[in-house]
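The structure appears below as structure tokens.
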Amino acid sequence: MTGEVAAQVFTRRARGERWRIRARQLRGILRQFARQRSGVLGVLIIALFTICALVPDLLVGPFESVTRASGEKFDSPSPTHILGTDELGRDVLNLVVHGARISMAIGLMATIITVAIGAVIGIVAGFNGGRLDTILMRITDFFLILPTFVLALVLAPVLRELLGEGSEFFGIRVTLLVIIVVIGITSWASTARIIRSQTLSIRERAYIDRARAIGASSGHIMRRHILPNVLSLIVANTVLVFAGSVLTETTLSFVGLGDQLAPSWGQILAFAQSSGAPGIGAWWYTASPGIAIVLVVLSFTLVGHALDSILNPKLAGRR
Amino acid sequence: MGSRFFARRLGQAILTILFVLVVNFILFRSLPGSPERILLRGTRISAQALENQRDKWGLNDPLLPIDLRIDDQGIRLVDFPASLTDNQLVAYVESLAQLDLGLSFQFRGRAVADVISEKLPPTLLLFGIGEAIAIVIGFGLGALAGWRRGRPSDYVGTSVSLVLYSMPYFWLGMILLIIFAATLRWFPTTGMVTPGADFASPVEHVIDVARHLVLPATTVALGLIGQYSLLMRSAVTEVLAEDYVQTARAKGLKGDRILRDHVLPNAMLPAVTLVAINLGYIVAGAITVEQVFSWPGLGTLTVDALRTRDYPMMSGVFLVLSISVVLANLVADMIYGVLDPRVRT
Amino acid sequence: MSAEADALARIVRRAGRTLPKLADPSAPLLQVTDLSVRFTLAQGHLTAVDGVSFRLDDGEALGIAGESGCGKTTTALSLLQLLPSNGRIRSGRVELYGIDLAQKSEAALARYRWREISIVFQGAMNALNPVIRVRDQIAEPIVIRLGVSEESARRRALELLDLVGIPTQRGGAYPHELSGGMRQRAMIAMALACNPAIVIGDEPTTALDVMVQAQILALLESLRWELGLSLILITHDLSVIAETCDKVLIMYAGRVAEEGPVSRVFTAPRHPYTQALLRAFPNIRADRRTLDVIPGNLPDLRDPPPGCRFAPRCTFAMDVCRVVTPPEVTMADGVRVACHLYPTPDAAVVEAPPIAQVGADAPDDDVDLSADNSNLRDADDDTPADEVQP
């Protein structure tokens, strides 16, 4: 074989070898994960709600909008309406199952934004150090200290006005889009911190110096060496961020920023509050979306902690 | 020795507050045509009179020390102005210095600062008591759990904490309301005082407020107890594994002395940090909890302002809340500096 | 020394001390008999210390040496029942002035902790409480255990700091403000706070550089003579023991291999393990290009092999070694050995050849310390070396 062909074969084989090693590691991680009962329970619950989010119509029929209410107002749970009805007579179970899609979709998209910003800032800050690091960390600290909820509260109406209420972007209504964006740009700070400290510890390792010595560029190093090692931490963190995003979205919707036509669980709770349900004891209306939220957030938290204890090198030693 | 640490923290806090001011300012002036449009809502006015009004309110001045203007076409960068002080930002800062936060739309022109100062004490009351309860019970339970590891109560405690942690604060409040106020009728459902009540003495007044305070304060406390106890438990567990605890045992010191003099002073450190970090998040909880219980504080004020598009009010509340949190964080940082000598060098 | 001379020396040395109430004035200072310590793990039990005995007399310095994991620290911790929660003394006696500490409850033991026996832990970095000033940490046991006023306790603490060579102005410092060597001295001062009879030093100089190490050892030596202290020094560094101790106890895999006066054991080692240990020390004057190592690893103490635990690595291993545990025999010159090569007190010293030499083909001015490279990993990295791509 000529040198060039040999080099190509070697590289391809090396690349194949890398994937095989990754696959083996992944299996090892999955095996460890399966051993943690809490994590497995979390995954099961998430699966259940994902199904609700993907095919709500299959489970409870079409969404009951105001004009298609199926029952009496404020009916307590009965065989026809397992979770009772709301102030307009809509079946609460129907609302909750359809709400899964909204809540989880918002959570997912907000999480993507949060983690993207946080990871980029974390890696860049941790890798470069010096001035850039200090500046980025100052900004991050600012966002950590600031009551981001209040920031979200004031940003949301401003953004809504700017973008024009009632319009759509990429097929998403402005109301929802604003919530997603607002959660995304206010929640990235703790992710950035975590990623940065991990990046810092990786940067100190020998193979980074080796890569530098042979002339690899910073971008290359960040992509090829740091990112794969931070990836596992990012994944564990993403799961926890998702849990937080769902909670934040719930709260934002509750104070009136939610979309009334496509109600998330938070928005359902807002309806409940404004219709006076707690005052008259319509517990089913309040409890149902809340329990759904608790289940989803709890399960993501459990999974996130399980992943964290496996993947986070600082915690993996201790148990 | 320690003064550099404190000075640095103070400096950071001031910087953050300045940043908050600027962000606040930009946010609320950047809505196209908003100030005068909304202030003059509904009134018919000629274009010339509008211009005069804008001039009177300084709305035609440059927005920032660089010439950024707001008009019907949105935000434009015009030029570098002749003077650095003849602009809206400086006017804004000046008025802030005089504690003038503008006039509320909602309340028909009442000073925002007045309304806020009216609604601030109830929030502080609710908040303060909730946090205090959470700290005492949460840290107490957590420390106990960490000290006596391995009992079955440990597992139960952790599970309960996790569940509490996954709940939106306000939802817990709604449930408590339904159970204890609407159904059992032990506590009133809304407000801070019974409306229209006539109190024979201040003591009766206090008791009435206390009755109204129980459920919301419990809600706030429960939301925090979960986190606090979990953290304290893991902090105590970590400290117990440290060598200096073994030294303390080797010295023949008794258990509670070891806990008091060696374990707790070290376990408190991450606890204080957590309380500080949480301050920003509690605001979210406080706002929504107030909403649930119709508690007449800043939270309800914020939500109402949001609903009625009372931008000066929202801007004012944002300012007050943010600055409070920054200051509270500063205090927490200072406390940490006192507790942990290592950060002072 | 004759028995009467012994007894007399003992009385003289103890003259300055108040013995605990239950003490037997004629008993040796410390007599450990057949001590066994067991840890309970998730997968079963681990006997870390298996039938260890030794004696410490007043004013003596005993060194306990052995590889990491041989049980020396566990032995020391068990004297004061400072084991972690999953460890327990299974059998044996720990007799201080004849009082069996192993039988005492936690509460009863408190009387003896620090006041009779104190410990200087390895790595004073973490053994000192980071949020308490050094002089307050030293004063703490004086106030609480001796019932002295805070004022006098603080004065005494400063005296102790001075004794160990720390300027008294640094007394108000926090641990992180002191250098490693000073922290170790501070720990020593703290160990002396209640005027103990025995100070145990657990690797007291391992975390320090050589210059500071020499200073600390000199300090311990001078304190010994000034205060009539008895020392138990635990270390894997034989040179420290050679310099400071009167007796040495060599441990292997939880058992005693050899024990006796330092001069005898180090010049004429009997047990093959001792010989290999001594040989493994590079001699700065000798014309060596190679390093002697002991191949193999410590046995897994969860399931130790029958017979002598060193047998798998021993060049002299005989069939009996793999079946019967060698009994401890005290030789004529006072050295105690547990090895089948020495079944009777008059057995001759068997000189072992080097067990293995590494790098015998290395060029003249090269000491080749390389071992098998293929399983090198980054210290805190789970990815194997072949994962790294340029």
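The values are calculated or read from the model by the stated rules, or taken from the named source; none is laboratory data. Not measured: the values here are computed from a predicted model. Glycine gets a Cβ as well: all are built from the backbone with ideal geometry, and neighbour counts include every protein chain shown.
All of (1) crowded, with 23+ Cβ neighbours inside 10 Å; (2) within 23 Å of C:GLN137 (Cβ to Cβ) hold for B:GLY255 with one exception: (1). Here is a check on your reading of the model: is A:LEU252 within 8 Å of chain B (Cβ to nearest Cβ), buried (at least 23 other Cβ atoms within 10 Å of the Cβ) and in contact (Cβ under 8 Å) with a residue 60 or more places away in the chain? The answer is no for A:LEU252. Scan the stretch B:137-192 for residues that are assigned to a helix (DSSP H, G or I), among the β-branched types (Val, Ile, Thr) and within 11 Å of chain A (Cβ to nearest Cβ) and report the count. Matching residues across the stretch B:137-192 total 6. Looking at the stretch C:78-164, the helices (runs of 4 or more DSSP H) lying wholly inside it that each contain 1 or more residues that are farther than 21 Å from C:PRO28 by Cα, within 9 Å of another protein chain (Cβ to nearest Cβ) and of a type in the set (A, V, I, L, M, F, W, C) sit at C:106-109, C:124-127, C:134-146.
Scanning the stretch B:241-259 for residues that are of a type in the set (D, E, K, R) and in a helix (DSSP H, G or I), we see that the one that is farthest from the other protein chains (Cβ to nearest Cβ) is B:ASP256.
Number of residues in the stretch A:51-73 that are touching a helix residue (DSSP H, G or I) at 6+ places or on another chain (Cβ under 7 Å), crowded, with 17+ Cβ neighbours inside 10 Å and at pLDDT below 80: the value is 3. The set of residues in the stretch B:301-345 that are free of Cβ contacts under 8 Å to residues at least 24 places away in the same chain, surrounded by fewer than 19 Cβ atoms within 10 Å (Cβ to Cβ) and over 17 Å from A:PHE149 (Cβ atoms) comprises B:VAL331, B:VAL338, B:ARG342. Once the stretch A:267-296 is narrowed to residues that are in a helix (DSSP H, G or I) and among the polar types (S, T, N, Q), the residue that is nearest to the other protein chains (Cβ to nearest Cβ) is A:THR286.
Evaluating C:SER263 against the criteria (1) farther than 23 Å from C:ILE294 by Cβ; (2) in a helix (DSSP H, G or I); (3) assigned by TED's automatic domain parsing to the domain that holds C:GLU60 leaves one unmet condition, (3).
Sort out for me the helices (runs of 4 or more DSSP H) sitting completely within the stretch A:132-226 that have 1 or more residues that are more than 12 Å from chain B (Cβ to nearest Cβ) and closer than 25 Å to A:ILE112 by Cβ. Working first, answer last.
Values: elements: A:148-163, A:174-186, A:189-203, A:206-213, A:218-221.
It comes to A:174-186, A:189-203, A:218-221.
Taking the condition of a type in the set (A, V, I, L, M, F, W, C), within 24 Å of C:THR74 (Cα to Cα), over 18 Å from the mean Cα position of the chain (by Cα) and crowded, with 23+ Cβ neighbours inside 10 Å, does C:ALA157 pass? Considered against the rule, which asks whether it is of a type in the set (A, V, I, L, M, F, W, C), within 24 Å of C:THR74 (Cα to Cα), over 18 Å from the mean Cα position of the chain (by Cα) and crowded, with 23+ Cβ neighbours inside 10 Å, C:ALA157 comes out as no. Kindly establish whether C:ARG185 is at pLDDT 90 or above, more than 14 Å from chain B (Cβ to nearest Cβ), assigned to a helix (DSSP H, G or I) and under 26 Å from C:ALA110 (Cα atoms). Spelling it out, it is not the case that C:ARG185 is at pLDDT 90 or above, more than 14 Å from chain B (Cβ to nearest Cβ), assigned to a helix (DSSP H, G or I) and under 26 Å from C:ALA110 (Cα atoms). Can you find even one residue in the stretch A:297-315 that is more than 9 Å from every other protein chain (Cβ to nearest Cβ), more than 25 Å from B:SER161 (Cα to Cα), surrounded by fewer than 20 Cβ atoms within 10 Å (Cβ to Cβ) and not polar (S, T, N, Q)? Within the stretch A:297-315 (the criterion being more than 9 Å from every other protein chain (Cβ to nearest Cβ), more than 25 Å from B:SER161 (Cα to Cα), surrounded by fewer than 20 Cβ atoms within 10 Å (Cβ to Cβ) and not polar (S, T, N, Q)), the answer is no, since none of the residues qualifies. Where residues in the stretch C:45-63 are under 14 Å from the mean Cα position of the chain (by Cα) and of a type in the set (A, V, I, L, M), which of them is surrounded by the most Cβ atoms within 10 Å (Cβ to Cβ)? Once the filter is applied, the top-ranked residue is C:VAL49. Mind checking whether some residue in the stretch B:330-343 is on the phi > 0 side of the Ramachandran plot, away from chain A (no Cβ under 14 Å) and in contact with a helix residue (DSSP H, G or I) (Cβ under 7 Å, 6 or more places away or on another chain)? There is no residue in the stretch B:330-343 that is on the phi > 0 side of the Ramachandran plot, away from chain A (no Cβ under 14 Å) and in contact with a helix residue (DSSP H, G or I) (Cβ under 7 Å, 6 or more places away or on another chain). When every residue of the stretch C:197-209 is checked against the conditions, at least one turns out to be under 29 Å from C:LEU19 (Cα atoms), touching a residue at least 60 places away in the same chain (Cβ under 8 Å), among the aliphatic types (A, V, I, L, M) and outside any strand (DSSP E or B). Looking across the stretch B:1-25, just one residue is at pLDDT below 75 and within 11 Å of another protein chain (Cβ to nearest Cβ), and that is B:MET1. Residues in the stretch B:260-281 that are closer than 19 Å to A:PHE149 by Cα and more than 8 Å from chain A (Cβ to nearest Cβ): B:LEU274, B:VAL275, B:ALA276, B:ASN278.
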